[in-house]
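These notes are about the structure you will find just below.
The values are calculated or read from the model by the stated rules, or taken from the named source; none is laboratory data. Note that the coordinates shown come from a computational prediction; the quantities given were computed from them, not determined experimentally. Here the Cβ positions follow ideal geometry from the backbone for every residue, glycine too, while neighbour counts run over all protein chains shown. Note: areas computed on protein heavy atoms with side chains; ligands, DNA, RNA excluded. Shrake-Rupley method; radii C 1.70, N 1.55, O 1.52, S 1.80 Å.
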Amino acid sequence: MTRLPHARLPHARLRLATLLAALLALVAAALAAPARGAGGGNWWDPVARPAPDASIGVTGEPFTGTDAQGRVRGFVDAHDHILANEAFGGRLICGKAFSEAGVADALKDCPEHYPDGSLAVFDMITKGGDGRHDPVGWPTFADWPAHDSLTHQQNYYAWVERAWRGGQRVLVNDLVTNGVICSVYFFKDRSCDEMTSIRLQAKLSHDMQAYVDKLYGGPGKGWFRIVTDSGQAREVVRQGKLAVVLGVETSEPFGCKQVLDVAQCSRADIDRGLDELYGLGVRSMFLCHKFDNALCGVRFDEGGLGAAINAGQFLSTGTFWQTEQCTGPQHDNPIGLAPAPASVQAQLPPGTAMPSYADGAQCNTRGLTELGEYALRGMMRRGMMLELDHMSVKAAGRALDVLESEAYPGAISSHSWMDLGWTERVYKLGGFVAQYMHGAEGFSAEARRTDALRDKYGVGYGYGTDMNGVGGWPGPRGAGTANPVRYPFRTADGGSVVERATAGSRTWDINTDGAAHYGLVPDWLEDIRLVGGQDVIDDLFRGAESYLTTWGASERHRSEVNLVAGATAAASSAEWNPFTDFGAARAVDGNSSSRWASDWSDDQWLRIDLPATTLVGKVTLDWERAFPRAYRIEVSTDGATWRTVWSTASGDGGLDTARFPAVPARYVRIHGEQRATAWGYSLYEAGVYRG
């Protein structure tokens, strides 16, 4: 080997030093660069994932951006309960959605379910049998989560991530609890106060966002994004991430229960409660759920669960559900007539028996109360959306009347608990409808039934998984079905590939396991495509846009000015009463408790004298029980010459909204032609608007 001359050594050292400097510079640049995903630098891959953990089983880039018309794309789950494990005293739903200690800590059973589930009391009540099951979660998952296991965590963060990767872009996380169920359940480790639980779940929703952010490199970088307005949501979806909306589903919101039909809250309580919920980020809510409260009556539960809920209604309010004949085609669910479980019956006072109900009386006697209407109008002022599901027919009908009178679009039916006869009224308002997560055959059949309405109003469709909502989920169609889901398959946008869901040593297959947990939402959607066809999936893929359109229109809504302010009124007659004034002025005094009442004959009228001639295009009339079957609305500029602008021969009382092409008017006259009752005409309030 020839030795280099000494004179050349310094140059070699120089080249080596230069090479080392370049390498150090590259290392420094790499350290200074933004963190790359663990999966090779893709924005949708986390920087680090807990090990071990559930696998996602979806590959490919999640779609971003909007379509050619600027509309967002993707599926919407309008009803889920990510953090229901924190509700009902903390021991009804076992397992957590996430844990800093990892999957083994998150996905474990409740302590009392060991060693064999024999103390899984709620399983026995809701599912029947003895509740026995293998309590071990991670890594074997022998018996749960499962489509028919109602008391185990189904919303583990990685399973929600899998749904997002499968095309879901909006998720409504309903903060949920029930104080009575909490109080009578044997196992609990926290307060049963409903608002305390709601506050905790709101906080933990943000903690879950922070948890996902940490996996992706820091604040704001994760795919789980809590949003508080529709503009934020659109931007999140445009980025290809999951917009999470907070809702509330609870039986006694802001303490508004009723005991023996006496409200336990006031308007001030409602104002404070709505302000607090809005401050927590809540943008949609139910005014009642499961139990009649001071705001509204509920749509009954059926079967053995219905009997148990009715017993809970008694424990909460001192009264069982009360029924009456329905006045229209809509009706509530039939009350569960099965015997209440012994564990529930034991909670009732000695000698208290569950009532029986007439087969033909299927409507709740309780509707939307005066306080409930005040709460609804408070939600409207805040741009919040009303969940109609769980409202009795009487309550939902009145709520829709109020929304229609204001042309307010914020009506949501999120999981098939509204009478389906109201669907077109919701769409006509600009509201949104989603269907419960039924099996592929049932879901597809219902989607086809309402397909023409969606075409008519140009809207998309949604689903409500109700995971962690103790409702039961689609079972398997069976491995032997003629058109099974074949793995791997592509997502609806075609950009990602979905394998079977795996966690630990357990693998789930939609064909043989059904919708066992949230991670199987993409598999369930593929099942719907195979059973119901691409048209159903196309409607669902437009769901995110339609939901956000409803939300945005609710935020932008402004109430019209009622022109009766400063107006006077006269009438053809007024019912005489020595204790109460039923004069014409009572219909324009802004007080929904006072009313004009006419003599008991058909041909009667109420005339409103506006302060000045103005364009009039809408009249609202809030009738008492004495209402007209046939009546007309007339206008005049001089009080002498009258013109009919609207009429009906099928009045049904309640709150009527009459719209017509705007015309100049100084006087507006409501002219009764035929009574619907033996009494006269009785009107709480009249409103006149430009329209």
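A Cα-only calculation for region 189-293 places Rg and Dmax at 16.5, 54 Å. Along the chain, counting only chymotrypsin sites (Phe, Trp or Tyr not before Pro) with a DSSP assignment other than H, G, I, E or B and at most 13 other Cβ atoms inside a 10 Å radius, the longest segment between sites is 187-575. The length gained on full extension between residue 592 and residue 482, counted as 0.36 nm times the residue separation minus their Cα-Cα distance, comes to 33.6 nm. If the segment from residue 302 to residue 353 were pulled out straight at 0.36 nm per residue, it would be longer than the present Cα-Cα gap by 16.6 nm.
In whole percent, how big is the carbon plus sulfur part of the accessible area of region 541-691, probe 1.4 Å, protein atoms only? Don't skip to the answer; put the middle values down first.
Numbers: 3420 of 6980 Å².
Here it works out to 49 percent.
Counting only alpha carbon atoms, the long axis of helix 267-280 and the longest principal axis of the chain meet at about 20°. The share of accessible area on region 419-472 that comes from carbon and sulfur is 54 percent, using a 1.4 angstrom probe. Across region 362-404, counting alpha-carbon atoms alone, Rg and Dmax equal 10.2, 34 Å. For region 222-346, the gyration tensor built on C-alpha atoms gives a prolate shape. Its axis ratio a/c (a ≥ b ≥ c) is at least 1.5, and a/b is the larger of a/b and b/c. Which percent of the Cα-Cα distances in region 481-548 go past 21 Å? Percent of Cα pairs beyond 21 Å in region 481-548: 26.
Quantify how much of the Cα-Cα distance distribution of the chain extends past 36 Å, in percent.
Working: 111988 of 238395 pairs.
The calculated P(r) of the chain puts 47 percent of pairs beyond 36 Å.
Electrostatic tally near residue 555: other residues with Cβ closer than 11 Å to its Cβ, Lys and Arg +1, Asp and Glu -1, net +3.
So what is the diffusion coefficient of region 323-402 in µm² per second by Stokes-Einstein at 20 °C and 1.002 mPa s, using a Kirkwood Rh over Cα pairs? Kindly include the intermediate steps, with their values, before the conclusion.
Numbers: Rh = 15.0 Å.
The Stokes-Einstein estimate is 143 µm²/s.
Taking Cα atoms only, the orientation of helix 303-317 departs from the longest principal axis of the chain by about 70 degrees.
The ellipsoid equivalent to the alpha-carbon distribution of region 127-251 has semi-axes of 29, 20, 13 angstrom, derived from the gyration tensor eigenvalues as √(5λ) and listed largest first.
Length gained on full extension, residue 690 to residue 624, computed as 0.36 nm times the residue gap minus the Cα-Cα distance: 21.3 nm.
In region 244-305, carbon and sulfur make up what percent of the accessible area (probe 1.4 Å)?
On the way: 930 of 1810 Å².
So the carbon and sulfur contribution to the accessible surface is 51 percent.
Counting only Cα atoms, region 262-411 measures 46, 34, 24 Å along its principal axes, largest extent leading. Shape verdict for region 428-476, please, from the Cα gyration tensor: rounded (a/c under 1.5), prolate (a/b greater than b/c) or oblate. Judged from the Cα gyration tensor, region 428-476 comes out oblate (a/c at least 1.5, b/c at or above a/b).
Surface analysis of the chain yields an accessible area of 40 Å² per residue, using protein heavy atoms and a 1.4 Å probe.
A convex hull fitted around the alpha carbon atoms of region 383-495 yields 151 Å³ per residue. If you line up the long axis of helix 9-32 against the longest principal axis of the chain, both from Cα atoms, how many degrees apart are they, to the nearest 10? Here the helix axis deviates by roughly 20 degrees.
For a distance above 27 Å, tell me the whole-number percent of Cα pairs in region 67-194 that qualify.
Numbers: 1969 of 8128 pairs.
Pairs farther apart than 27 Å: 24 percent.
DSSP finds beta bridges in the chain, and of those with both partners inside it, around 65 percent are antiparallel. Overall size of region 63-114 from C-alpha positions, given as principal axis extents largest first: 55, 24, 15 Å. Ordered by 1.4 Å accessible area with all protein chains kept, 437, 354, 195 run largest first as 354, 195, 437. Given a Förster distance of 25 Å, report the FRET efficiency between residue 45 and residue 207 from their Cβ-Cβ distance, rounded to the nearest 0.05. Working from the Cβ atoms, E equals 0.65.
Shape class of region 197-238 from the alpha-carbon gyration tensor: oblate, with a/c at 1.5 or above and b/c at least as large as a/b. Could you please report the charge total around residue 300, scoring K, R as +1 and D, E as -1 over all other residues with beta-carbon less than 14 angstrom from its beta-carbon? Within the 14 Å Cβ shell, the charges total -4.
Compute the label zone of residue 114 within region 154-193: residues whose backbone N is under 11 Å from the point 7 Å along Cα-to-Cβ. Within reach of a label on residue 114: no residues. Summing charges over neighbours of residue 137, with a neighbour being any other residue whose Cβ is under 11 Å away from its Cβ, gives -1 when K and R count +1 and D and E count -1. Each label point was placed 7 Å from the Cα along the Cα-to-Cβ direction; for residue 599 and residue 260 their separation is 4.4 nm.
Counting only DSSP beta bridges whose two residues both lie in region 347-502, roughly 20 percent are antiparallel. Here the convex hull built on the C-alpha positions of region 446-523 has a volume of 139 cubic angstrom per residue. Rounded to the nearest 10 square angstrom, residue 96 shows an accessible area of 80 square angstrom against a 1.4 Å probe. Label point 7 Å out from residue 679 along Cα-to-Cβ: which residues of region 597-622 have amide N under 19 Å? Correct set: 597-606, 621-622.
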